[in-house]
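Taking it in order: structure first as structure tokens, then the write-up.
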Amino acid sequence: MDGIDVLVSEVGPRDGLQSIAPVMPTAAKLDWIAALVAAGVREIEVGSFVPARLLPQLADTGEVVRAVRHRHPGLHVAVLVPNAKGAEAAIAAGADKITLPLSASETHSLRNLRRTHEEVLEEVQRIAGLLGACPEGTRPAFEGALSTAFGCTLEGEVPEAKVVALAERLVALGCDEVGLSDTTGYANPAQVKRLVRAVQAAIGPERLSGLHLHNTRGLGLANVVAGLEVGITTFDASQGGLGGCPFAPGASGNIVTEDLVFMLEAMGLRTGIDPERLMAARAVLKAALPGEPLYGFTPDAGLPLGFRRAA
Ligand code: ZN
């Protein structure tokens, strides 16, 4: 990655907004994204190509993708797709990266997507076919994201062998890379290292570079450090900790971007993101979502006296 050591992938406009009822107007989303880009954020998951009736908050995803591609040519524009139909829309809009979630827990998959593992894997194959037909230079990257990889609220423990086997299937069917998601906030640092190593051994370390961690039980940043120690270089986070289904009052669901950037930069790892300008983006978000709780310790405490970014 040019000029940075760790890629912080902002998922607020998708994962964050998804769980919020008041629909954020497209113009406000674009202002927020512009402020994030101005702070140095290089990758943003801007929406999800799901039917508008299921998720009115993200009904403008196509419009958002087209607008940000035009306004921020250097930005890596990521989107979530639940199936091949969504992937088709994502390709048409010009997304740089499409992520298809596959729940490692089949019970969770049936409950949330109403699909068995095999049915989701068929969609993966269809999407790989669509991508194969893209003209040279226009093909988006394709990630299979294994949600509930560290445990499931319905099934409890998810066997590591199952996660490894699904990662192998995703790659065999055409995913460029596999991500692991701690959807439920069950992960601990020892488990993060163990599971990342097991999946890397099966599919190659270059095919597992990203983690989506939650802070539900306060272990989000500890799990990031564990990920760093086993070679992970991309971490999802959400500005103000928006979204990610927080279960406990006072705890964010998603990792807070502001805290993650502070930690990484303080550790000497370059993110390309300016913490001060990230606060300016937070102010834009706060103004657009009045009354919505925003989380984060660093925004409240401020940066330490004499703080310097990684050089
Ligand atoms: Zn999340």
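The values are calculated or read from the model by the stated rules, or taken from the named source; none is laboratory data. This is a predicted model, so every value here is computed, not measured. Heads up, the Cβs are rebuilt from the backbone with ideal geometry, glycines too, and the neighbour counts pull from every protein chain shown. These accessible areas exclude ligands, DNA and RNA; they are computed on the full protein's heavy atoms, side chains included. Shrake-Rupley method; radii C 1.70, N 1.55, O 1.52, S 1.80 Å.
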(request) Evaluate the following for LYS85: is it of a type in the set (D, E, K, R) and crowded, with 18+ Cβ neighbours inside 10 Å? (result) no
(message) With in contact with a helix residue (DSSP H, G or I) (Cβ under 8 Å, 6 or more places away or on another chain) and under 26 Å from PRO205 (Cα atoms) as the only criterion, which of THR233, THR257 stands out?
(response) THR257
(request) Say whether the condition of being touching a strand residue (DSSP E or B) at 6+ places or on another chain (Cβ under 6 Å), assigned to a helix (DSSP H, G or I) and either within 15 Å of the ligand (Cβ to nearest atom) or within 21 Å of ALA301 (Cα to Cα) (or both) is met by at least one residue in segment 199-217. (result) no
(message) Condition first: under 10 Å from ASP96 (Cα atoms) and open to solvent by 50 Å² or more (accessible area, probe 1.4 Å). Now tell me which residues in segment 129-148 satisfy that.
(response) THR138, ARG139
(message) Can you tell me which of (1) more than 27 Å from PRO25 (Cβ to Cβ); (2) at pLDDT 95 or above is the one ALA311 doesn't meet?
(response) (2)
(request) Just name the residue that is farthest from GLY240 (Cα to Cα) out of those in segment 38-51 that are open to solvent by 40 Å² or more (accessible area, probe 1.4 Å) and out of contact with any helix residue (DSSP H, G or I) (no Cβ under 8 Å at 6 or more places or on another chain). (result) PRO51
(message) I need the full set of residues from segment 252-268 which are outside any helix (DSSP H, G or I) and away from the ligand (no atom under 16 Å from the Cβ), in order please.
(response) MET267, GLY268
(request) Among the numbered conditions (1) closer than 30 Å to VAL199 by Cβ; (2) out of contact with any His (no Cβ under 9 Å at 6 or more places or on another chain), tell me where LEU285 comes up short. (result) (1)
(message) Checking the conditions here, which among THR107, THR116 is open to solvent by 20 Å² or more (accessible area, probe 1.4 Å), hydroxyl-bearing (Ser, Thr, Tyr) and without any contact (Cβ under 8 Å) to a residue 24 or more places away in the chain?
(response) THR116
(message) If I go through segment 269-301 residue by residue, how many of them are exposed (fewer than 11 other Cβ atoms within 10 Å of the Cβ), in a loop (DSSP other than H, G, I, E, B) and modelled with pLDDT of 95 or more?
(response) 0
(request) Mind telling me which of the residues GLU43, GLU10 ends up being modelled with pLDDT of 95 or more, acidic (Asp, Glu) and within 19 Å of THR183 (Cα to Cα)? (result) GLU10
(request) Mind listing whichever residues of segment 149-175 are touching a helix residue (DSSP H, G or I) at 6+ places or on another chain (Cβ under 8 Å), open to solvent by less than 30 Å² (accessible area, probe 1.4 Å) and closer than 11 Å to TYR186 by Cβ? (result) ALA149, PHE150, CYS152
(message) Quick check on VAL225: is it open to solvent by 30 Å² or more (accessible area, probe 1.4 Å), under 18 Å from the mean Cα position of the chain (by Cα) and over 24 Å from VAL79 (Cα atoms)?
(response) yes
(request) Examine segment 211-222 for a residue that is open to solvent by 40 Å² or more (accessible area, probe 1.4 Å), touching a Lys or Arg at 6+ places or on another chain (Cβ under 9 Å) and over 23 Å from VAL65 (Cα atoms), and state whether such a residue exists. (result) no
(request) Please name all residue pairs, on different chains or six or more residues apart, with Cβ atoms under 7 Å, provided the first residue is in segment 161-183 and is more than 16 Å from the ligand (Cβ to nearest atom) and the second residue is of a type in the set (Ser, Thr, Tyr). (result) GLU177/SER209
(request) Filter segment 70-105 for residues that are under 17 Å from GLY179 (Cα atoms) and of a type in the set (Asp, Glu) and give the result. (result) ASP96
(request) Mind counting the residues in segment 91-104 that are among the aliphatic types (A, V, I, L, M) and surrounded by fewer than 17 Cβ atoms within 10 Å (Cβ to Cβ)? (result) 1
